[in-house]
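None of the figures in this text is laboratory data; all of them are computed from the coordinates on show. Model, not experiment: these values are computed from the prediction. Note: ideal-geometry Cβ built from the backbone for every residue, glycine included; neighbour counts use all protein chains shown.
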Amino acid sequence: MALATVVATDETATPDGDLKVRYVFEPTAPGGPDRFVTLLVSVDAARPEVPSLTTAVPAANWHEREMRDLFGIVPVGHPDPRPLVVHDGWPQGVFPLRKAFDGSRRVPVEPADEFPHLVAEGEGVFEIPVGPIHAGIIEPGHFRFTSVGETVLHLDARLFYTHRGLEKRMEGLSPLDAFYVAERICGVCSVAHGLGYCEALEQIAGVGAPPRARLIRSIALELERLYNHVGDVGNMCAGAAFHYGTATGARLKERLQQLNERLAGNRFLRGLVVPGGVLLDLSDDLLRSLAVTLQDTLSGLDSLMGHIEANPSVVDRLDDTGILQHQAAVDLAVAGVAARASGVDRDARRDHPHGAFAGPEPPELHVVTIPDGGDAMSRMTVRALEARESIRLVGEFVRRLEPGPLQVTLPEPLPGGRIGISAIESPRGEAVHWLRTDPRGRVERYHLRSPSYHNWPAVALAAETAIVPDFPLVNKSFELCYSCTDR
Amino acid sequence: MLRILINALRTGVVTIGYPAEPSVPPDRFRGAPVLRPGSHLPPPSVCPAGAISEFFNAEGRHVALDLARCIFCGRCADDPWADAVGMGRDFELAAHSRDHLRIEVVADDAAVTAARPALDRDAEAARTSSEIQRVLGRSLQLRHLDAGSCNACDWELTALLNPVYDVRRLGIDFVASPRHADGVVVTGSVTRNLETAVRRTVEAVPDPRIVIAVGACAASGGIVGEGYASAGGVDRVLPVDVYIPGCPPRPEAILFGILVAIGRLDARRLQREE
Ligand code: SF4
């Protein structure tokens, strides 16, 4: 069993009168039963404490720090009691995800002491602070390197700069309105998070999307993976100073995003997947345009990978750089490309079937893992192979399309007091959605555990096997989202 | 090396001609919603982003749509309001003030038309401070500032540098240091955790400087709005010179906004007409 997510809820206003923590676990055997096991702990609101699991379950680390920041539930014995989600000058004793807290008002920024970064001392030991505002067009995070010469001794990453309070924002909304927030948690995971929210909601409603809609949803999900993976291969070339590769990756990605705009009216495919099914159909014209673009992407990607593999200066930079050990990936419940490149055989498309994989006779899926991998080259290889697999899958889904309805209607109001859990294989790995409706059928609590949430601690470990100048490359080889981690 | 060169030559030029040549978005593209005066305009509750509002006076029911808030989801143009609202194709929406992004119609009498006339884009461009134009001239160096975006607007800014949009051909570039910049492009609604960093970065840009708010979150708070962790838009924290609607705005829409910011639109438009 591996930790899938941890969800805290404030139930002080209900007859239970407590806070609750749900530790949700999932089986780790490849293709094991599609099941979640929830350990439910009732927490006394007068003395909100739970024993910390972090030393036994390392993946619980950030979850526990988050529930202390947002709910005031203290994980007793936690090895790293620093704040995680709320930053400098946050008022003492104020917990924004408690129900009594009014989330609609701004909390002013107060002057504060410097954050207690972990510091090492000694002759020749330097500290290098980077961010939160970076030199390029990228998301904000603060990285504090402790180094001796070029060697990284320790990396302390501080995130949650883009924490927007989106889970609180969704509470009390009609689930159909809240969908638009879920779809906008992350730009480059719009389909995956929109779909994950929809599947959790459809569980609550007791309905399923029609077969044609499932296929179109899976096509969208693979197109999202494809433009991300192709773009990421290009970005890794930037990290290795191979500019032909960067420009080629950017050009191929651009064509895919233009295809997205033709299919969905939005370059991030927003507005295609909706609760109950999909909003837009695929016409024959669009399917032709899809086939041509994918064929060109395939040959463009093959040619780009050929250039990369034939270029010793690129391969040298990637080989043995930023190593994530298999055991560390298991312990931290790392997801997606990073997990598979370290030999962890996990893919939510197979392990928690969704979209077209949830139907009868699901298509075959080749899960790419590299048993002795773990370095940046392995992560690049996994991406390139998965991009090809996505192109193959889209072809398969298109072949299976039969005429039929695109949507089912959801009951209104939705059933109250029900929980829906879904897991979606997003471009960065498994994302777990947890949704519960209140007695009136509105959103009572929603929680997203993105793949990046579990993967960030792994980046710090991998960086410690590299030199400072290789950090951008290591970081790009994981290509994690800040916005879906921070929410 | 030779193979790379041959491949590059075979690929040829992929750069588009916009803004000298028009950019036509695909059929399904959802641009600015068009409100048709009449009695069947949707109620504010239809809009998940809070972009639609209404009020009543002697003329009747007024319905207003705030393009700065709109996430272009198309819900207000769906049944049963498809007759009253249509998703337009216009994406060149950037404006110097929030007021100019408000579309208002009187909804109760089909004879009364739009209460707010369409924005005159060329007049808008001419409004640009002559001081900024004099100092910055025809080139613009910008610093990107992620103030808590979902990364979609950021990706579209990155796209402006790809071989297809290649904004450097227009003298526009993104620089690493605020000290080298003429202005900032801000994405995101300004989170509490970034507010200090945002203020400090903008203060580091030499005066005169321009601030461009890219996308619904930066322009108005968007779907994120105001809350314990979000200021609800860049202009809650800093004066903004240009607002670019979109969720996210397509790269051409951002480019249009940047050109509005430096008042270079009229020249480009003329060139297009010739
Ligand atoms: S298209 Fe814009 S105005 Fe219409 S419902 Fe969506 S966000 Fe609101």
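At-a-glance table
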read-out: Total charge dipole magnitude, region A:170-452, about the Cα centre, Cβ charges on Lys, Arg, Asp, Glu only, Debye to nearest 20; value: 560 debye
read-out: Computed over region A:154-293: relative contact order in percent, which uses C-alpha pairs under 8 Å that are six or more apart; value: 24 percent
read-out: Residue order, fewest to most beta carbons within 10 Å, for A:Thr55, A:Thr38, B:Thr201; value: A:Thr55, A:Thr38, B:Thr201
read-out: Which of A:Glu430, A:Glu412 has the fewest Cβ neighbours within 10 Å, and the rest in rising order; value: A:Glu412, A:Glu430
read-out: Straight-distance crosslink candidates among aspartates and glutamates, where the alpha carbon sits under 15 Å from A:Lys99 and sequence neighbours closer than 8 are dropped; value: A:Asp10, A:Glu11, A:Asp16, A:Asp18, A:Asp69, A:Glu167, A:Glu171, A:Asp438, A:Glu444
read-out: Calculated FRET value between A:Ala291 and A:Met1, using beta carbons and R₀ = 35 Å, to 0.05; value: 0.25
read-out: Positive-end residue of A:Gly141, A:Phe101, A:Gly245, charge dipole of chain A with Cβ unit charges; value: A:Phe101
read-out: Region A:75-151: GluC sites (Glu not before Pro) falling in loop per DSSP and having at most 16 other Cβ within 10 Å; value: A:Glu114, A:Glu121, A:Glu123, A:Glu150
read-out: Beta bridge orientation in region A:2-116: antiparallel %, DSSP, nearest 5; value: 85 percent
read-out: Estimated dipole of the protein assembly as shown in Debye, rounded to 20 [Cβ of Lys and Arg +1, of Asp and Glu -1, Cα centre]; value: 880 debye
read-out: Helix runs (DSSP H) in chain A reaching 30 Å along axis by Cα, Kyte-Doolittle at least -1.0; value: A:211-239, A:243-264, A:284-309, A:376-400
read-out: Label-to-label distance, nm, for residues given as A:Ala135 and A:Ile419 (7 Å Cα→Cβ offset); value: 4.8 nm
read-out: Spatial separation of Cα centroids for region B:61-93 and region A:299-320, in angstrom; value: 46 Å
read-out: Fraction of beta bridges assigned by DSSP in region B:130-261 that are antiparallel (%, nearest 5); value: 10 percent
read-out: 12 Å beta-carbon shell around A:Pro58, net charge (K/R +1, D/E -1); value: -3
read-out: ³J(HN,Hα) computed for each position of region B:229-246 - Karplus, 6.51 cos²θ - 1.76 cosθ + 1.60, integer Hz, glycine/proline x; value: 10, 9, 6, x, x, 5, 6, 6, 10, 9, x, 10, 8, 9, 10, 10, x, x
read-out: Rounded to the nearest 20 debye, dipole of region A:92-236 from Cβ charges on Lys, Arg, Asp, Glu; value: 820 debye
read-out: Sites B:Asp207 and B:Asp99, calculated FRET efficiency, Cβ-Cβ separation with R0 30 Å, nearest 0.05; value: 0.75
read-out: Amide proton proximity set for B:Glu54, modelled H, under 5 Å, gap of 5+; value: B:Ala64
read-out: Footprinting exposure proxy for A:His154, A:His63, A:His454 (fewest neighbouring C-beta atoms within 10 Å first); value: A:His154, A:His63, A:His454
